[in-house]
1. Looking at P185, is it in a loop (DSSP other than H, G, I, E, B), under 30 Å from the mean Cα position of the chain (by Cα), of a type outside the set (V, I, T) and over 18 Å from A241 (Cβ atoms)?
2. When the stretch 188-237 is examined, which residues are found to be of a type in the set (G, A, S) and not in a helix (DSSP H, G or I)?
3. Report, ordered by the first and then the second residue, all pairs with beta carbons closer than 8 Å, sequence separation of six or more or different chains, a first member in the stretch 387-400 that is open to solvent by 70 Å² or more (accessible area, probe 1.4 Å), and a second member that is among the hydroxyl-bearing types (S, T, Y).
4. Just for the stretch 36-45: of the residues that are surrounded by 17 or more Cβ atoms within 10 Å (Cβ to Cβ) and part of a helix (DSSP H, G or I), which one is modelled with the highest pLDDT?
5. In the stretch 49-104, what count of residues is obtained for those that are more than 26 Å from E142 (Cβ to Cβ), touching an Asp or Glu at 6+ places or on another chain (Cβ under 9 Å) and open to solvent by 60 Å² or more (accessible area, probe 1.4 Å)?
6. Any chance you could count how many residues in the stretch 152-194 are open to solvent by 50 Å² or more (accessible area, probe 1.4 Å) and without any contact (Cβ under 8 Å) to a residue 12 or more places away in the chain?
7. Name the residue that is farthest from the chain's Cα centre (by Cα), counting only residues in the stretch 24-35 that are open to solvent by 60 Å² or more (accessible area, probe 1.4 Å) and free of Cβ contacts under 8 Å to residues at least 24 places away in the same chain.
8. State all residues of the stretch 79-100 that are more than 27 Å from the chain's Cα centre (by Cα) and farther than 14 Å from A52 by Cα; if no residue qualifies, say none.
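The values are calculated or read from the model by the stated rules, or taken from the named source; none is laboratory data. Treat the numbers as computed from the prediction; the structure is a model and nothing was measured. FYI the Cβ positions are ideal-geometry reconstructions off the backbone, even for glycines, and counts take in every protein chain you see. Side chains included, ligands, DNA and RNA excluded: accessible areas come from the protein's heavy atoms. Shrake-Rupley method; radii C 1.70, N 1.55, O 1.52, S 1.80 Å.
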Amino acid sequence: MACFLCSHHMLSEAQSLLQFVVSRKGKDSAPSVFAAILEAKRSQQSNLIFNALMNAYTHSGFISDAIQCLRLVRKHGDRIPYNSCSHLLDRMMKLNSPSAAWAFFSEILKCGFPPNVYTFNILMHSFCKEGKLKEARVIFDEIGRQRLEPTVVSFNTLMNGYCKTGNLDVGFDLKQEMLEKGVVPDVFTYSVLVHGLCKECRLKEAGEMFEEMCNRGLVPNGVIFTTLIDGHCKKGQLDVAVDIYESMLRKGVKPDLIAYNALVNGFCKSGDLKEARRIVNKMQNEGLKPDKITYTTLLDACCKEGDVIAAIDIRNDMVNLGIRLDDVAYTALIFGLAREGQVVEAERTMREMIRDGLQPEDATYTMIIDGYCRKADIKKGFDLLKEMRSSGRFPTVVTYNALMNGLCKHGQMKNANMLLDAMLNIGVRPDDVTYNILLEGHCKNREKVDLEKLRSEKGMVSDFAAYTSLINELTKKTTK
């Protein structure tokens, strides 16, 4: 029936019928269905049936069966169904399997399938996304072997792949090859190179590339401006970044959220919170809403500047706007609160973080433990240490040093010695900081201790701080 319909050019009806057959037969049925069609086709002369069969397997997602149909057609000497091959190739490229798609494309090219640069470009792009630049280069070279000319998209695709992996030399070689072949670089070409240069902090060369683009009569887009702004902000060259931003405005290019966030980040890192807030206000006046990155950057900067009240206000704004705090925001806020002595609020914020499904780092616990120890609530510090261990964490010497410091500062030298023994028993090796904390504690609390024995048994090394503690103690004794 399907063969009869194809011979009378009733293709949609034939396609529907074969789709039904394939759905019933299922995967790996290509040989049997093909054999049945070959038998029925003897009385009909239309080759359209093979197109319909390949399409049926492709639509059903049976890719291997569709490929097998092609090979069976070749084996029996029938005309290659190019239309269904093209359809199958498109389907394979959408499945994000460039290796399989390239293998199939190579196979049908040998069968006389008409090549086109667009397909080569798509395959190159897929390989570049996976970081497989060697395979992408093979495809690029195949364009010439197929007597086709690579387009600016071909060059840009491969260039972008190399530049993203930091191989700028190959990127510039491709640019030179473009010029030699008479292919004119476009804005995307320069955007790729400028981004690569900025990523490697080669800002002077990035500026020169930008000037070359402008001299060629190309109008820079927002991506290039934003890349340059971000690069100079990260380098701390805020004056240059602002100049580029103002140039962007003069050329009628509207900055996007990424550009504004780059400026906000730059000013926050330089400690100029006033200017950072001015940029945020400017952004809002332009109709752009600050996002999680904007708020987190401001929150982190406020905490580092010791303005935890402003940081809490920003946190509240985020909550009211439905912006969920991430690890970076929570950690910054916890560290800021603990640093300012608001350790109870810091712990409360950590509990909130855990309720939100985020796991604090060991450093976060350590910061809170240190905060409690500084406030003489050493029991709370040990409770948090116990919590860390019971949750499967392995606190490092840094955490134990925070507890050791609290014990020594508050004269609990017996407990400090017990903690040292406990550290050794569980395999936490004390460091020179541990030794100096103990040494200073014993000296301040006038505890008798065999310092040489302590040093040799624990495998510690004295440093300047240790000698300072000893000299201070000796000085006190001689003055008496």
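1. On the way: in a loop (DSSP other than H, G, I, E, B): yes; under 30 Å from the mean Cα position of the chain (by Cα): yes; of a type outside the set (V, I, T): yes; over 18 Å from A241 (Cβ atoms): yes.
For P185, the condition - in a loop (DSSP other than H, G, I, E, B), under 30 Å from the mean Cα position of the chain (by Cα), of a type outside the set (V, I, T) and over 18 Å from A241 (Cβ atoms) - is met.
2. At the first step, the residues of the stretch 188-237 found to be of a type in the set (G, A, S) are 191, 196, 206-207, 217, 222, 231, 236.
G217, G236, listed by residue number.
3. Qualifying pairs under 8 Å: V398/T366.
4. Keep residues of the stretch 36-45 that are surrounded by 17 or more Cβ atoms within 10 Å (Cβ to Cβ), which gives 37, 41, 44.
After this cut, where a residue has to be part of a helix (DSSP H, G or I) as well, the list is 37, 41.
Numbers: I37: 86, K41: 73.
So, considering only residues that are surrounded by 17 or more Cβ atoms within 10 Å (Cβ to Cβ) and part of a helix (DSSP H, G or I), the one modelled with the highest pLDDT is I37.
5. Number satisfying all stated conditions: 0.
6. 6
7. It comes out as S32.
8. Step one: list which residues in the stretch 79-100 are more than 27 Å from the chain's Cα centre (by Cα), which gives 79-91.
Within the stretch 79-100, L89, D90, R91 qualify.
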